[in-house]
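As structure tokens, the structure follows; a few thoughts come after it.
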Amino acid sequence: MAGAFFAAAFFAGAFLATARLAGAFFAAAFFAGAFLATARLAGAFFAAAFFAGAFFATAFFAGAFLAAFFAVVFAAATMPP
């Protein structure tokens, strides 16, 4: 009887320890997955912000270039000979 009791206690302890480790593993995997997903979303956000900023800066410089170009063309067209 004592042998059966200790065997049951051993397997119960092993099961609980395994469940605890598995729980810790799944918790770590969950948080790691959440962190990586958050990092991926944040990376996508910053990449989008960077490309949007680069696009607007390029559009701004292109607009400034075209404005200067048309100003020169207009000045040349309206200048007396």
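Here, each number is a calculation from the coordinates, and none is a lab measurement. Everything numeric here is computed off the predicted structure, so don't read it as measured data. A quick note on method: Cβ atoms are made from the backbone with ideal geometry, for glycine too, and the neighbour counts reach across all protein chains shown.
So here's what we get for this one:
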| item | result |
| --- | --- |
| Principal-axis tilt of helix 2-78 within the chain, Cα atoms, nearest 10 degrees | 0 degrees |
| Spin-label pair ALA24/ALA47, simplified geometry with 7 Å Cα→Cβ offset, distance in nm | 3.5 nm |
| Distribution of pairwise C-alpha distances over the chain, 10 Å bins, in % | 14, 15, 14, 12, 11, 9, 8, 6, 5, 3, 2, 1 |
| Rounded D (µm²/s) - the range 41-81, Kirkwood Rh over Cα pairs, Stokes-Einstein at 25 °C, 0.890 mPa s | 198 µm²/s |
| Span from the the range 61-75 Cα centroid across to the the range 38-53 one, whole angstrom | 33 Å |
| Two-site FRET efficiency, ALA32 against PHE6, from Cβ-Cβ distance with R₀ of 41 Å, rounded to 0.05 | 0.60 |
| Mean residue ellipticity (222 nm) of the chain, computed from DSSP H runs ≥ 4 via -39,500 (n - 2.57), nearest 500 | -36500 deg cm²/dmol |
